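The values are calculated or read from the model by the stated rules, or taken from the named source; none is laboratory data. Treat the numbers as computed from the prediction; the structure is a model and nothing was measured. Positions of Cβ are backbone-derived with ideal geometry, glycine not excepted, and every protein chain shown enters the neighbour counts.
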Amino acid sequence: MTVTTTRPARPPQLMAALRRVTGDEKHAPAAISTLDVLWVLYDRVLRVDPDRADDPDRDRFLLSKGHGPAAFYAVLATTGFIPLDWLDDLAGPDSRLGHHPDRMLVPGVEISSGSLGHGLPIAVGTALGLRAQGLTRPHVYVLVGDAELDEGSNHEAIAYAGATGLDNLTVVVVDNQSATHGWPGGIGVRFAANGWAASTVDGRDHEELAAALPVRWPGRPSVVVARVEPYGQE
């Protein structure tokens, strides 16, 4: 995958890792749209450790936008969850890295994803499960795309999470203006109507992301809308 960037906040080792992932250029825009959110999460927000990837007390990150996983794989490699040389063989016969991430094959991957509309409902169930177990420290983050919100399953999940006050859940919506329908007043309004705390940030600004993502609202789930370039203009 060829990457051109003028973003100095992206570390060289991350960009070098991303350049090793080739063979899925069709989904390059999907991958690039998520790159900065993913890096800030793993570098500055998530309580996860590659040496204790299954720690019950860890935060959970679910990539719902799994159809363009190159950036996710690059971040996992850069942060030590997978070997860098895995990046050189995407979707090969013996590769663990497929065009959709597989939780049974890739350390650090919480869900197998790629079919849009599944990640947010699974995240709601994960947050409920942690609550039922009395695990109050782990936080659940799920990254979805704006177009994914066209799927009806997301709206049921949004309504339920708001009604049950899942304050251990944060949704990050990467908004590259690719949704078919959208929402009057913006994406955040859709969540706020169901009791969520909503904020909108520049999805390329690492400081804005790092400030918004860890914020907790007692009794309310959170959504951070990360705006990036329109689809095709990455």
Self-check item: Options Leu76, Leu90, Leu105, Leu84: the member that is buried (at least 17 other Cβ atoms within 10 Å of the Cβ), out of contact with any Leu (no Cβ under 6 Å at 6 or more places or on another chain) and not aromatic (Phe, Trp, Tyr)
Solution: Leu76
Exercise. Give segment 145-163 a look and list any residue that's touching a residue at least 60 places away in the same chain (Cβ under 8 Å), under 15 Å from Val225 (Cα atoms) and of a type outside the set (D, E, K, R), or say none.
Key: Gly145
Quiz item: So which of Asp43, Asp36, Asp55 ends up being farther than 26 Å from Glu148 by Cα and either without any contact (Cβ under 8 Å) to a residue 40 or more places away in the chain or not in a loop (DSSP other than H, G, I, E, B) (or both)?
Solution: Asp55
Quiz item: Tally time: how many residues in segment 175-225 are touching a His at 6+ places or on another chain (Cβ under 9 Å) and more than 15 Å from Ala159 (Cβ to Cβ)?
Solution: 2
Quiz prompt | Single condition Thr4 does not satisfy, out of (1) farther than 24 Å from Gly119 by Cα; (2) at pLDDT 90 or above | solution = (2)
Practice problem: Quick one: in segment 72-98, of everything that is of a type in the set (Phe, Trp, Tyr) and part of a helix (DSSP H, G or I), which residue is farthest from Thr22 (Cα to Cα)? | Solution: Phe72
Quiz prompt | Residues located in segment 120-143, provided they are over 19 Å from Val173 (Cβ atoms) and assigned to a loop (DSSP other than H, G, I, E, B) | solution = Gln133, Gly134, Leu135, Thr136, Arg137, Pro138
Practice problem: Give the number of residues within segment 98-126 that are in contact (Cβ under 8 Å) with a residue 60 or more places away in the chain and either over 17 Å from Arg47 (Cβ atoms) or in contact with a Ser or Thr (Cβ under 9 Å, 6 or more places away or on another chain) (or both). | Solution: 4
Quiz item: Does any residue of segment 221-234 turn out to be farther than 19 Å from Leu62 by Cβ, surrounded by fewer than 23 Cβ atoms within 10 Å (Cβ to Cβ), without any contact (Cβ under 8 Å) to a residue 24 or more places away in the chain and not polar (S, T, N, Q)?
Solution: no
Practice problem: From (1) on the phi < 0 side of the Ramachandran plot; (2) part of a loop (DSSP other than H, G, I, E, B), pick out the condition that doesn't hold for Gly117. | Solution: (1)
